[in-house]
Each structure stands twice: as C-alpha cells, then as structure tokens.
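The structure appears right after this line, and notes come after that.
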Amino acid sequence: MEFEVNYLAVLVAAIVQFVVGMAWYSPMLFGKVWMKEMGFTEKDMKAAKSKGMMKEMVIALVMGLVMAYVLSHVTWMAGEVLGSADWMRGLTTGFWMWLGFVGTVFVHGALWEQKSWRLVAINASHWLVALLAMGAVIGAWV
C-alpha cells in the first residue's frame, strides 16, 4: 500500500492541537487548577513567561506535527481496511489512539510518579480533546 500524506491536513491538525492546548491550560478553563496541582504560583508563571517560552512552543508544535503525521497514517490505514475515511473515522481513530497509548500513559503518572488524579484528569482529557479534534481534521482530508 502506498500512503499519501496530506501535508496541509497535518499542518492544520498540529495547529488545532496547539490551540486546544493554549485554551485548555488558560485561566478560563483549567489553567488555575493545573497550576495548583503542579505546585506553581503566579510568580513562577510570570518568571517562565519573562524568560521566554519560544523554544518550548516550537518544540511543542514540532511534536504536534509528528503526532498529526502518525495519526494521518493510522487514519488512512483504517480507511483502507474499513473501506472509507472521513471526519468520523478520523475522530474514532483519534479516540482509539488516545485510549490505547495516551490515556494509559497518564494513568502511570498517577501510579508511579505520585501525580494527583486531578492533574492526570486535566492532562489526559486535554490530549483526548486534542486527538479527537486532530482526527476529525485529518479524517476530513484523507
């Protein structure tokens, strides 16, 4: 089987993932609770912002591109096996990838790294929403 990448879909999906993360960890959604669970203060956050976070943001975007590329490949393969690929197939693929590979890893964070279940829920649900959105974007363009 020959796999053709829709690079525009991969790019848009990576940007969507990035925007979901920015919103998820903003003070309007879960940012304040996340800070508390991480043990960060407003002073810590201001110091991080003043230090500059461009390097971290670029790395996060590159990782989003890698994730979107892999999700694109898996969504395409699911479409080949099941006969079609559309936004719903992408959404479903995003869910199964989250359940099998992402959600399970976050549970280990609570078990072995002594992270709070509240923090695990915030972080894991962020990736659930991000992968669902990425999958829908990719599936629509596969």
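The values are calculated or read from the model by the stated rules, or taken from the named source; none is laboratory data. Owing to the predicted nature of the structure, the values given are computational and were not obtained by experimental measurement. Cβ placement follows ideal geometry from the backbone for every residue including glycine, while neighbour counts extend to all protein chains displayed.
Residue 83 fails exactly one of the following numbered conditions: (1) of a type in the set (Gly, Ala, Ser); (2) over 18 Å from residue 16 (Cα atoms); (3) in contact (Cβ under 8 Å) with a residue 24 or more places away in the chain. What is the number of that condition?
Condition (3) is where residue 83 drops out.
Which ones in segment 28-52 are on the phi < 0 side of the Ramachandran plot and either touching a Phe, Trp or Tyr at 6+ places or on another chain (Cβ under 7 Å) or loosely packed, with under 12 Cβ neighbours inside 10 Å (or both)?
Step one: of segment 28-52, the residues on the phi < 0 side of the Ramachandran plot are 28-38, 40-51.
Selection gives 28, 30, 31, 34, 41, 42, 43, 46, 47, 49, 50, 51.
Confirm whether residue 49 is farther than 26 Å from residue 75 by Cβ, out of contact with any His (no Cβ under 8 Å at 6 or more places or on another chain), part of a helix (DSSP H, G or I) and modelled with pLDDT under 90. I'd like the intermediate steps shown before the answer.
Numbers: farther than 26 Å from residue 75 by Cβ: yes; out of contact with any His (no Cβ under 8 Å at 6 or more places or on another chain): yes; part of a helix (DSSP H, G or I): yes; modelled with pLDDT under 90: yes.
Judged against the criteria, residue 49 is a match.
Could you tell me which residue of segment 2-31 is nearest to residue 142 (Cα to Cα), considering only residues that are in a helix (DSSP H, G or I) and not aliphatic (A, V, I, L, M)? Give the steps one after another, and end with the answer.
So the first thing to find is which residues in segment 2-31 are in a helix (DSSP H, G or I), and the list is 7-24, 31.
When the remaining residues are screened for being not aliphatic (A, V, I, L, M), the result is 7, 17-18, 21, 24, 31.
On the way: 7: 10, 17: 18, 18: 21, 21: 24, 24: 27, 31: 34 Å.
Taking the candidates together, the pick is 7.
How many of the residues making up segment 32-45 are in a helix (DSSP H, G or I), of a type outside the set (Lys, Arg) and without any contact (Cβ under 8 Å) to a residue 40 or more places away in the chain? Explain how you work it out, then say what you get.
Residues of segment 32-45 that are in a helix (DSSP H, G or I), as a first pass: 32-38, 42-45.
Going one step further and asking which of them are of a type outside the set (Lys, Arg), we end up with 33-35, 37-38, 42, 44-45.
If we keep only those that are without any contact (Cβ under 8 Å) to a residue 40 or more places away in the chain as well, we get 35, 42, 44-45.
So the answer is 4.
How about segment 81-104: which of its residues are loosely packed, with under 13 Cβ neighbours inside 10 Å and assigned to a helix (DSSP H, G or I)?
Step one: list which residues in segment 81-104 are loosely packed, with under 13 Cβ neighbours inside 10 Å, which gives 81-84, 99-101, 104.
Passing the criteria: 81, 82, 99, 100, 101, 104.
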